Each structure stands twice: as C-alpha cells, then as structure tokens.
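The values are calculated or read from the model by the stated rules, or taken from the named source; none is laboratory data. Note that the structure is predicted; figures quoted are calculated from it, not measured. Here the Cβ positions follow ideal geometry from the backbone for every residue, glycine too, while neighbour counts run over all protein chains shown. Quick note on the areas: whole protein, heavy atoms, side chains included, nothing else; ligands and nucleic acids left out. Shrake-Rupley method; radii C 1.70, N 1.55, O 1.52, S 1.80 Å.
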Amino acid sequence: MTPHLRLDTRGPIATLTIDRPAKRNAMNVEMWSALPSLVREVAADDGVRVLVVRGNEHFSAGADIGEFETHRRGAAAARRYSEIVHTAERALATLRKPTIAAVAGFCLGGGCELALACDLRVASEDARFGITPAKLGIVYSLTSTKQLVDAVGPAWARQILYTGDHLDAATALRIGLVNEVHPAERLLARAYELAEITASRAQVSVRGSKEIIDRILNGQHADDDAVLALYDASYASPEYAEGVEAFLEKRPPRFL
C-alpha cells in the first residue's frame, strides 16, 4: 500500500483519494501498483454501490516524470512501466460498479487517463486537462487512447494528442471530456450528489446499463445471450417488483 492513495467508505459510497499534494498528485510506480488492489476492495464490498475518485487541490498531474530516468529508461523498462500503469487503469475501467471522477486543478497525462477510466467526470471551473505524450516522445497504449476517442471522438482526440495542449474546463465540457462543470466550492457536493442518486437507483438496472454500454464501446452491435440474460434478470429481480409497486402507489421506490 501507499500513503498517497486512500480508500474510505461511507454507506454505499467509497472514495479513492489521490493524496500527494507536494507533487500535484503525480502518480509514482508505488501508487500505480497499489491502485488495482484498492479497486478490488471496492469490488468485493457488497455494501458499496458507487466509487468516487478525487484528488485535493489537483486531481493528478499525471505520471511522476522524475521516475522516467530509472523506471522508463529503454524500451524494455518502459514496457514494464506501461504495463503497471495499464493494469491500474484497466482495474478502474473494468470495475462493475459505477465510478465518478471529481476533477479539480490539473488532470494531465496519466491523471487524465484515470479520469477517463471513470464512468462520469465532474469538473471544477479551474480544472485543466491535457494528455502530453507528444511533449515527451512516447506513445499511449491503444486501450488508453480508445478511452479518449470514446469520450471526445477522433477529431478532438487527434488534436489533444498531437498538440499536448491543455484544455480549460469549458472546452472539456463542450467536447464531451467531462459531463458537468461547477464552481470549485460546489464540485465535491455535486460529485457526491450524483453518487448518492446512482446508489439509490435499482442496481440491477445501473450495473446492467454499465455492462451493455461497455459492450457497445467494445464493438458489440447486437444482443447476445449475455445481454439477454441481463434483460431477463432485471424482470425477475425484486427491484423490478418494487419499482412497479412504487409507481402504482405513487411513492418513491425503496431499493435494497
């Protein structure tokens, strides 16, 4: 474990906090390596329904470039380093529970990669986004690049990757990199409001929707047995029965 990543749980909402303020929350190898086990804790906790990922003044300035001379010197070392980063990003992206990134300050490089691995991104007005391999002479992996293309489309993905320029929050909102932008003092309140709403909904619907959206993004174009099983399971669930009963009784549903 690392003191720079902290996992806290309150009711149905878990919070993963990136906490390395002296380095603007830059992610070192120790932090990348620790992240998958923290995500597995969230996955294994049946009481947790939503994960919020946040920083403090900054979300994350990306990978710690100070380590590149030691951990990324030469193609073989760079490949090992990239695999550690890729494993961390995939752990977050493939978590079956909904994830929300609360983004303030810098969200750059690997930090932006982590934000893109989340389902929803809520940003403060002072947030700044960028993916900067073109400034370092490196190439991002296909899966990480796909996360960007899925969010903003190929034209903006090209501009972001070709130039390495930073984007302000308003631009990030306009191109679909984030879902919402709020004043800094409202950011966390809104992120947790979304988390609470999502946690209160029928989880058979939320998790089924997440899986089907992921399948669409991975190229699936038609229902198959796995998708039909999700559909059938929803109608057989106690949540469906409660949802219909609540609607008929004109009251909010109480999903367990």
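Of note:
- Heavy atoms of Ser205 accessible to a 1.4 Å probe, total area in Å² rounded to 10: 60
- Degrees, to the nearest 10: 75-93 long Cα axis against longest axis of the chain: 20
- Backbone amide hydrogens, once placed in the peptide plane, bring Asp126 within less than 5 Å of Gly105, Ala184, excluding anything fewer than 5 places away on its chain.
- Amide H contacts under 5 Å for Arg20, placed H, 5+ residues apart: Asn25
- Residues whose placed amide H lies under 5 Å from that of Val181, excluding near-sequence neighbours: Ala123
- Helix 225-235 axis, angle to the chain major axis (alpha carbon atoms, nearest 10°): 50
- Most mobile listed residue (Val122, Val149, Val52) in the chain, GNM with C-alpha springs under 10 Å: Val149
- Based on Cα contacts under 8 Å between residues 6+ apart, region 93-182 shows a relative contact order of 33 percent.
- Accessible area of Arg201 (1.4 Å probe, protein heavy atoms only, ligands and nucleic acids ignored): about 130 Å².
- For region 210-224, putting each phi into the Karplus relation 6.51 cos²θ - 1.76 cosθ + 1.60 with θ = phi - 60° gives couplings of 4, 5, 5, 4, 4, 5, 4, 5, 8, x, 7, 10, 9, 4, 10 Hz, in residue order, rounded to whole numbers and with x for Gly and Pro.
- Label-point gap, in nm, between Glu185 and Ala241 - each point 7 angstrom along Cα→Cβ: 4.8
- One decimal place: the segment Glu125-Leu248 gains 40.1 nm when fully extended, by the rule 0.36 nm per residue minus the C-alpha distance.
- The portion of the accessible surface of the chain made up by carbon and sulfur, rounded to a whole percent, is 56 (1.4 Å probe; DNA, RNA and ligands excluded).
- Angle between the chain longest axis and helix 142-163 axis [Cα atoms, degrees, rounded to 10]: 50
- J(HN,Hα) series, region 201-206, from Karplus relation 6.51 cos²θ - 1.76 cosθ + 1.60, nearest Hz, glycine and proline x: 7, 5, 5, 5, 7, 4
- Here the relative contact order of region 5-198, from alpha carbon pairs under 8 Å that lie six or more residues apart, stands at 21 percent.
- Scaling against 2.2 N^0.38 Å puts the C-alpha radius of gyration of the chain at 1.05.
- HN-Hα J in Hz across region 165-178 - Karplus 6.51, -1.76, 1.60, θ = phi - 60°, x for Gly and Pro: 5, 7, 10, 7, 5, 5, 5, 4, 5, 5, 8, x, 6, 10
- Computed lengthening from Asp214 to Arg10, 0.36 nm per intervening residue step minus Cα-Cα distance: 70.7 nm
- Where Glu57, Glu41, Glu185 fall by accessible area, highest first, once all protein chains stay in place (1.4 Å): Glu185, Glu57, Glu41
- Accessible surface, per residue, of region 43-100 when the full set of protein chains is kept, probe 1.4 Å, Å²: 48
- One decimal place: the segment Phe68-Asp224 gains 51.7 nm when fully extended, by the rule 0.36 nm per residue minus the C-alpha distance.
- DSSP assigns beta bridges within region 1-133; of those with both partners inside it, close to 25 percent run antiparallel.
- Taking every alpha-carbon pair under 8 Å whose residues sit at least 6 apart, region 63-143 reaches a relative contact order of 25 percent.
- Of the residues Thr132, Thr99, Thr143, the one that moves most in a GNM of the chain with alpha-carbon contacts below 10 Å is Thr143.
- Summarising the strand pairing of the chain, around 30 percent of its internal DSSP beta bridges are antiparallel.
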